[in-house]
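The values are calculated or read from the model by the stated rules, or taken from the named source; none is laboratory data. What you are looking at is a predicted structure, and each value in this text was computed from that prediction instead of being measured. Note that each Cβ is placed from the backbone with ideal geometry, even for glycine, and that neighbours are counted across all protein chains shown. These accessible areas exclude ligands, DNA and RNA; they are computed on the full protein's heavy atoms, side chains included. Shrake-Rupley method; radii C 1.70, N 1.55, O 1.52, S 1.80 Å.
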Amino acid sequence: MKKPTLVLAIIVAIVVIVAAAAYVKFISPHAVSAKVVAADNRDYFPIVHNLLAGAQRSIEVIIYQGRFYFQYPLSSSNTLIADLADASQRGVKVRAVIDEADWNPENSEENHDVSTVLSQAGIATYFDPLETTSHSKMVVVDGRYSVVGSMNWNYYALDRNNEATTIVDSPVIGKQFEAYFDNLVKACSPAYRLPDHYLTASEAVGAKSRTVFVKDLADSGKYLPDARAGLLYMGNVVVRADSDALNEILALDSLFFAGAAKETVRVFAEVEKGGGRELHALDLETDATKSEMARALGIERSKLKTTSVPTPSFAWTSASRVEPIPNDKYQPAVSKLFQSAKKRIWIAVMDARFYDTRPVPPSRDKRKGKGGPPSVTNLMLDDLEQAVGRGVDVQLICDNGRGGSQPNNKLAFMKKLHDAGGKVFWDSPDITTHAKVAIVDDDWVVVGSANWTEPGMEENNETSILVESPELNQHYATYITSIKGQEADLRPIGAGGGGQAGGGGGGGGGD
């Protein structure tokens, strides 16, 4: 071999080795090839229902927001919960991690209902620590099918919102998510803890401000946070919540409790604690509550046996790489992907925020004084701005919220990206975009539960995946285009015009 040829061969070999090393460094060793399918919006329910109905060995589920609607039989979330009960009855090992949080007592009490229903069916349920938000929406069936995305188990998510979910068919990925689930269980408790720290009936009666409303009767209650006395609505009947409110309501037991599995009344009270004021909540139960819940679930399961859910029609597509990126692994993986983008970065996310200051108290700051930016979401914004500078087509769609009102740090994120040359859009005002999905170039997809907020990136338990698949990328390119509303008017922030909003703050993880 001639010397120039030898030198050239050595140079080529070095380039190949370096490129391969860089590629391996970019892709986690946990990434594997797999089959994937999108299960977005209304496609989620029939696909996941059939997966649960076909489970043979195990089901693990993480529920951030679950609802069992006693007054709406055969609703989508009821059916999924009944699927878990049916699976348990036929010998499948079913476990559920359910969120409860001291900052969100109403969601915790609703989730407690779901836990009670599941427990009555023999399912092992675990509550995460009060100071932790388990915002994941993950299901693993038989250690093979991993369902990862933004879908909560409630009416709005399953039947109305824009949601993005991907299902992975891979025992290797399934095993990784099962390990993630097992690790969460270690920090959980089988006991529901909020009532230990919340109000007794006598304390609620004596509270300085109080609101009482009927639970589980849609749109029948009105929450008046600043009122010293609330109103209880039941059809055309209005009961004023005076000093004898609880006794007055409980005296109507035969009228109220028969309609909602013996647990209808929730009391909110503002109480003084630790020099401040806190909003506390308590569901009132009778001795028959649990048995009535079990009876309601049994009726639901019986009805399902005579009600068919259409078998979904879908086709698995191949993914060269699938990598789980839970919790704080999300931002490093996604930033690397953004930094390598050549053509486009399109994002649809409910919430994205830029922070001027750290939004959590020092006592909760997990960085322990190590410094760094106020939030890693600021770093992700930097990645997007730099991508725009390289000529990458960067587009961001955010949910426009109720009435178009947005926190200023969300508007700041969008405005900074807009001013750098990126394109920012609101979704349609007629629908909530709860998805958290991004595509990069023509190959990569990121989908999961994490909002682009400090809690979502650094505090919560979140599950997301990074997927290399041209077919899935094209699917989500079409999806993102379909939910794109008007271009966002973000100027000026804080004074008149589009996007006016008050307040900032991370707020415990959002939805």
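Here are the numbers:
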read-out	value
Residue in segment 300-309 that is farthest from the chain's Cα centre (by Cα), counting only those that are under 15 Å from Gln89 (Cα atoms) and either of a type outside the set (Ser, Thr, Tyr) or open to solvent by less than 40 Å² (accessible area, probe 1.4 Å) (or both)	Lys305
Search result, residues across segment 377-411 that are of a type outside the set (D, E, K, R), under 23 Å from the mean Cα position of the chain (by Cα), in a helix (DSSP H, G or I) and surrounded by fewer than 24 Cβ atoms within 10 Å (Cβ to Cβ)	Asn378, Leu379, Met380, Gly403, Gly404, Asn408
Extreme residue, most open to solvent (accessible area, probe 1.4 Å), among residues of segment 329-376 that are closer than 28 Å to Ser170 by Cα and either at pLDDT below 95 or of a type in the set (Ser, Thr, Tyr) (or both)	Ser340
Selection within segment 52-78 - part of a helix (DSSP H, G or I) and open to solvent by 30 Å² or more (accessible area, probe 1.4 Å)	Ala53
Qualifying residue in segment 140-156 (condition: aliphatic (A, V, I, L, M), open to solvent by less than 10 Å² (accessible area, probe 1.4 Å), within 22 Å of Cys188 (Cβ to Cβ) and in a loop (DSSP other than H, G, I, E, B))	yes
Subset of segment 415-463 (residues that are aliphatic (A, V, I, L, M) and not in a helix (DSSP H, G or I))	Ala420, Val424, Ile431, Ala435, Val437, Ala438, Ile439, Val440, Val445, Val446, Val447, Ala450
Qualifying residue in segment 24-47 (condition: on the phi > 0 side of the Ramachandran plot, surrounded by fewer than 22 Cβ atoms within 10 Å (Cβ to Cβ), at pLDDT 70 or above and out of contact with any Pro (no Cβ under 9 Å at 6 or more places or on another chain))	no
Counted residues, segment 104-136 - those being in a loop (DSSP other than H, G, I, E, B) and touching an Asp or Glu at 6+ places or on another chain (Cβ under 9 Å)	9
Sole residue being of a type outside the set (Val, Ile, Thr) and out of contact with any helix residue (DSSP H, G or I) (no Cβ under 8 Å at 6 or more places or on another chain), chosen from Arg144, Arg160	Arg160
Subset of segment 138-162 [charged (D, E, K, R) and either on the phi > 0 side of the Ramachandran plot or in contact with a strand residue (DSSP E or B) (Cβ under 6 Å, 6 or more places away or on another chain) (or both)]	Asp142
Extreme residue, surrounded by the fewest Cβ atoms within 10 Å (Cβ to Cβ), among residues of segment 425-453 that are over 23 Å from Val392 (Cβ atoms) and at pLDDT below 95	Asp430
Residues satisfying the stated conditions in segment 79-103, i.e. assigned to a loop (DSSP other than H, G, I, E, B), closer than 20 Å to Leu304 by Cβ and in contact (Cβ under 8 Å) with a residue 12 or more places away in the chain	Val92
Test: residue in segment 480-502 that is within 25 Å of Asp356 (Cα to Cα), at pLDDT 85 or above and in a loop (DSSP other than H, G, I, E, B)	no
Number of the condition not met by Glu131 [criteria: (1) at pLDDT below 95; (2) under 27 Å from Ala296 (Cα atoms)]	(2)
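Results for (1) open to solvent by 10 Å² or more (accessible area, probe 1.4 Å); (2) in contact with a Gly (Cβ under 7 Å, 6 or more places away or on another chain), shown as yes or no for each residue.
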{"residue": "Gly91", "(1), (2)": "yes, no"}
{"residue": "Glu100", "(1), (2)": "no, no"}
{"residue": "Asn104", "(1), (2)": "yes, yes"}
{"residue": "Ala124", "(1), (2)": "yes, no"}
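Residue-wise test of (1) out of contact with any helix residue (DSSP H, G or I) (no Cβ under 8 Å at 6 or more places or on another chain); (2) without any contact (Cβ under 8 Å) to a residue 24 or more places away in the chain; (3) within 18 Å of Ala121 (Cβ to Cβ).
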| site | (1), (2), (3) |
| --- | --- |
| Tyr44 | no, no, no |
| Ile47 | yes, no, no |
| Ala53 | no, no, yes |
| Ile59 | no, no, yes |
